[in-house]
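Input: a single structure, listed below in structure tokens.
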Amino acid sequence: MISSVSFEKTTYNKLPYKFEAGTPDIAGVVGLGAAIEYLSSLGMEAVSAYEQELLEYATKAISSVPGVRLVGTARRKAAVVSFLLGEVHPHDVGTILDQEGIAVRAGHHCAQPVMDRFGIPATIRASLALYNTREEIDLLVNGLKKVSEVFG
Amino acid sequence: MSDLRDLYQEVILDHTKKPRNFHKMEAATNSAKGHNPLCGDRLIVYLKVENDTVKDISFEGAGCAISTASASMMTESLKGKTKQEAEALFHRFHQLVTGKPEAAEAGPELGKLAVFSGVREFPVRVKCATLSWHTLRAALESQQNAVSTE
């Protein structure tokens, strides 16, 4: 931000204002505030416990699908499940799940060294949060069975 | 589900599982690398060009079903074609998968390649289907830098 501008000279505002370019992300700040209020009202411990419960359920359900290989099985981890399904490329799995209304991330997740470590090109990754349900995990599992049908 | 069946047609799945002309070519006159860094697809297209004609073509690499099948079927459709015919086929194929209206009009016959028409319903997968074709073009022009369709 400037203090004054003329053709001859530009004077910047004093710190910290000189580093504030244009309008701050006011909507973003208000949104973040609302999100923090919402999560605090639920209690972060309760949110975490729910997500861990979903993770446990999802890990079991996804592992039960024939051909699934889990990648990343640390005892303590966030509610994400990375996996492979047989020889089907994760991007093909992603496209088919997308058609079933299920959003997953497919690819190397910008973590190519880890992919190399496991000797794989990519993974499918389901990220679970407080707004997900067990029913949705069942839908994911059904979607994976559909993938196996398509790829026979 | 019908869109999915259009995308993953039997012919495409067959080429994914058993890619044709899938090997390195020692006596290649031209070659080029293709790489889509966001999705990780990577391939090399090898050509043996004599008298402006593609005498032999092969590829190697790793990618999704669509990119592998596309590369495999491309090699089958290009043997014996002149550089000019290959270039024309590139454009025709590109129109097919991007769903341009003129795709239905004149141009070289796509033949079996027509099975890729389902890709147009999946815009994010167009880059998978076209990677091998852009790499082919780079090989014909002997470009040194890896090409990308992302």
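The values are calculated or read from the model by the stated rules, or taken from the named source; none is laboratory data. Source: prediction; values computed, not measured. All Cβ positions, glycine included, derive from the backbone under ideal geometry; neighbour counts span all protein chains shown.
Of everything in the range A:50-87, what is within 14 Å of chain B (Cβ to nearest Cβ) and either surrounded by fewer than 17 Cβ atoms within 10 Å (Cβ to Cβ) or out of contact with any strand residue (DSSP E or B) (no Cβ under 9 Å at 6 or more places or on another chain) (or both)? Give them in sequence order. Talk me through it step by step, then tell me what you get.
Start the filter on the range A:50-87 by keeping residues that are within 14 Å of chain B (Cβ to nearest Cβ), which leaves A:84-87.
Passing the criteria: A:Gly86, A:Glu87.
Would you mind telling me which numbered condition in (1) within 12 Å of the chain's Cα centre (by Cα); (2) at pLDDT below 95 B:Leu78 fails?
For B:Leu78, the failing item is (2).
Considering only residues that are touching a Gly at 6+ places or on another chain (Cβ under 6 Å) and within 15 Å of A:Val81 (Cα to Cα), which ones fall in the range A:105-137?
Let us first name the residues in the range A:105-137 that are touching a Gly at 6+ places or on another chain (Cβ under 6 Å), namely A:106, A:108, A:121-122.
A:Ala106, A:His108, A:Ala122 - these are the residues of the range A:105-137 that are touching a Gly at 6+ places or on another chain (Cβ under 6 Å) and within 15 Å of A:Val81 (Cα to Cα).
Can you name the residue in the range A:105-134 that is more than 14 Å from B:Gly40 (Cα to Cα) and buried (at least 20 other Cβ atoms within 10 Å of the Cβ) and, of all such residues, is nearest to the other protein chains (Cβ to nearest Cβ)?
First pass over the range A:105-134, keeping only residues more than 14 Å from B:Gly40 (Cα to Cα): A:117-118, A:125-134.
Remaining after also requiring buried (at least 20 other Cβ atoms within 10 Å of the Cβ): A:126, A:128.
Working: A:Ala126: 18, A:Leu128: 23 Å.
Ranking the qualifying residues of the range A:105-134, first place goes to A:Ala126.
With (1) among the acidic types (Asp, Glu); (2) under 25 Å from A:Met115 (Cβ atoms); (3) touching an Asp or Glu at 6+ places or on another chain (Cβ under 9 Å) as the list, and B:Asp6 as the residue in question, which single condition is left unmet?
With (1) among the acidic types (Asp, Glu); (2) under 25 Å from A:Met115 (Cβ atoms); (3) touching an Asp or Glu at 6+ places or on another chain (Cβ under 9 Å) applied to B:Asp6, the lone miss is (2).
Starting from residues that are at pLDDT 90 or above and among the polar types (S, T, N, Q), keep the ones in the range A:14-41 and report whichever is surrounded by the most Cβ atoms within 10 Å (Cβ to Cβ).
So the residue we want is A:Ser40.
Which condition breaks for A:Val93 when tested against (1) more than 16 Å from A:Val68 (Cα to Cα); (2) buried (at least 19 other Cβ atoms within 10 Å of the Cβ); (3) within 11 Å of another protein chain (Cβ to nearest Cβ)?
The one condition A:Val93 does not meet is (1).
Among the numbered criteria (1) in contact with a helix residue (DSSP H, G or I) (Cβ under 6 Å, 6 or more places away or on another chain); (2) in contact (Cβ under 8 Å) with a residue 40 or more places away in the chain, which one does B:Val54 miss?
(2)
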